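One structure is given below, encoded as structure tokens.
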């Protein structure tokens, strides 16, 4: 399985867009998603986001992470079924009348699930089609302090690194004869032998990372970008189209309120 949030080098449409254009696109998708309460509309947005992944030639990489999204979706639905028993009762999770499944809770669970899937997939498309150095340069130009940019970049780079290292530690434990068992209990037992060395290695890596940052002159606060990104015609077209759609959507919401 490909690492989560790892940049993928391709010559595709979204790879050629300016990072600022992609940031604006992700923000617009997030605003529309969070303000929408209609499940069919959210399904259309999810379909549109998957079409974006297809156009950007990263659909396969996005679908490889669907197992995580589905697992979190099940958790969201279960939490809403337990904590929001509103509406008509459709059944019970536990026979005997315990933990009722209501229409209100089911609606809220599906709503949260669709929102979560749209936000995660759109952000994933943004990250895997944008080089980290270009993202940092763009965030710095729009006024984000360099310290926050550095923390964001380190977090993005650490996620795939930790995933690779966790896989290696797990394979090493299996090679040494560690057999936690199968099924859900076996997976739970296999977490501790992986997490302890993983956290230890991550803490040790922070020292090396700090020394590397100092050696590259981070404290001087003087930076020279390797290359400058400029907005081209496709970027302007995407910004105009997305901006008009966002204005129309917000205008529709205002008209419904008044």
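Laboratory data are not the source of any read-out in this text; all were calculated from the coordinates shown. The structure presented is a predicted model; accordingly, all values stated were derived computationally and were not measured. Here the Cβ is made from the backbone with ideal geometry for all residues, glycine too, and neighbour counts use every protein chain on show.
Data table
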| read-out | value |
| --- | --- |
| Chain lengthening between residue 158 and residue 55 when straightened (0.36 nm per residue, less Cα-Cα) | 34.3 nm |
| Sites residue 211 and residue 64, calculated FRET efficiency, Cβ-Cβ separation with R0 30 Å, nearest 0.05 | 0.30 |
| The chain - Kirkwood radius from inverse mean 1/r over Cα pairs (Å) | 21.7 Å |
| Most fluctuating residue given options 111, 42, 233, as computed from a GNM of the chain linking Cα atoms under 10 Å | 233 |
| Where labels lie 7 Å past Cα in the beta-carbon direction, separation of residue 83 and residue 13 in nm | 3.8 nm |
| Inter-label distance for residue 38 and residue 178, nm, one decimal - labels placed 7 Å from Cα along Cα-to-Cβ | 5.2 nm |
| Residue 99 paired with residue 119, simple spin-label distance in nm, labels 7 Å along Cα-to-beta-carbon | 2.5 nm |
| Choice from 79, 118, 146 with maximal GNM fluctuation in the chain (Cα, 10 Å cutoff) | 79 |
